[in-house]
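S.K.: Dumping the structure here so I can ask a few things about it.
The values are calculated or read from the model by the stated rules, or taken from the named source; none is laboratory data. Here the structure is a predicted model, which means the values were calculated and not measured. Reconstructed Cβ throughout: ideal geometry from the backbone, glycine too, with neighbour counts over all protein chains shown.
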């Protein structure tokens, strides 16, 4: 019985060697939980945004009327002879109106790219006339005159009026069926 001696482990484990794996596991579990919560929150917010966009029925005529009011305010830039600012602002206004009312994402597009978009022919004609006139003034290198800015103002106004006329003529499918809101479909 002298041969019997207590068993000794091959590796000496300290308290840190046994605790660290558990702590690391808890930290990883906590990170997984936090990421899961963040992903769920992001999905919930995206769903709310999508629902809020669907619930708010944009009245295109009111959007165009608001754009016409903004265009009228931009006329002050012509009077103040801030023509470069006027050209930028009026171009942005027309592109924003196309995006808001017709869902055509033209904000970052060039005139050549916009030419490829299928729009109603009358609207297409006036929008392209406006954009070509802006391009002529922007890239000609010549100093713009007030008369040219006033002419461009008139073309922009015609463009917005054409958009308003088109939006009044076209009804959404849900409106044609006599539904009061889009969410009833």
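S.K.: Just to be sure I understand the filter: pairs with C-beta atoms under 7 Å, separated by 6 or more residues or on different chains, first member in the stretch 65-78 and not assigned by TED's automatic domain parsing to the domain that holds residue 152, second member crowded, with 19+ Cβ neighbours inside 10 Å. Which pairs pass?
M.R.: Once the first residue is not assigned by TED's automatic domain parsing to the domain that holds residue 152 and sits in the stretch 65-78, no partner that is crowded, with 19+ Cβ neighbours inside 10 Å comes close enough.
S.K.: Further, regarding this structure: Condition test on residue 3, is it outside any helix (DSSP H, G or I), surrounded by 10 or more Cβ atoms within 10 Å (Cβ to Cβ) and at pLDDT below 80?
M.R.: no
S.K.: For residue 39, indicate whether it is modelled with pLDDT of 85 or more, more than 21 Å from residue 164 (Cα to Cα) and in a helix (DSSP H, G or I).
M.R.: On the way: modelled with pLDDT of 85 or more: yes; more than 21 Å from residue 164 (Cα to Cα): yes; in a helix (DSSP H, G or I): yes.
Yes; evaluated as a whole, the condition is true for this residue.
S.K.: Sticking with this one: Here's a check for you: in the stretch 79-90, which residue that is assigned to a helix (DSSP H, G or I) and surrounded by fewer than 19 Cβ atoms within 10 Å (Cβ to Cβ) is modelled with the highest pLDDT?
M.R.: Among those that are assigned to a helix (DSSP H, G or I) and surrounded by fewer than 19 Cβ atoms within 10 Å (Cβ to Cβ), it is 89.
S.K.: While we're here: Of the residues that sit in the stretch 54-69 and are over 15 Å from residue 163 (Cα atoms) and assigned to a helix (DSSP H, G or I), which one is modelled with the highest pLDDT?
M.R.: 54
S.K.: Pick from the stretch 91-113 the residues that are in a helix (DSSP H, G or I) and under 16 Å from residue 136 (Cα atoms): which of them is farthest from the chain's Cα centre (by Cα)? Don't jump to the end; show me each part of the working.
M.R.: Taking the stretch 91-113 as the starting set, the residues that turn out to be in a helix (DSSP H, G or I) are 91-102, 111-113.
When the remaining residues are screened for being under 16 Å from residue 136 (Cα atoms), the result is 91, 111-112.
Numbers: 91: 17, 111: 19, 112: 21 Å.
Taking the candidates together, the pick is 112.
S.K.: Can you name the condition, by its number, that residue 113 falls short on among (1) under 19 Å from residue 66 (Cα atoms); (2) at pLDDT 85 or above; (3) out of contact with any helix residue (DSSP H, G or I) (no Cβ under 7 Å at 6 or more places or on another chain)?
M.R.: It is condition (1) that residue 113 fails.
S.K.: Here's a follow-up. How many residues are in contact with a helix residue (DSSP H, G or I) (Cβ under 6 Å, 6 or more places away or on another chain) and modelled with pLDDT of 85 or more when one looks only at the stretch 95-110?
M.R.: So the answer is 1.
S.K.: Let me ask you something else. (1) surrounded by 15 or more Cβ atoms within 10 Å (Cβ to Cβ); (2) at pLDDT below 85; (3) under 21 Å from residue 67 (Cα atoms): which one isn't true of residue 128, the others all being true?
M.R.: (2)
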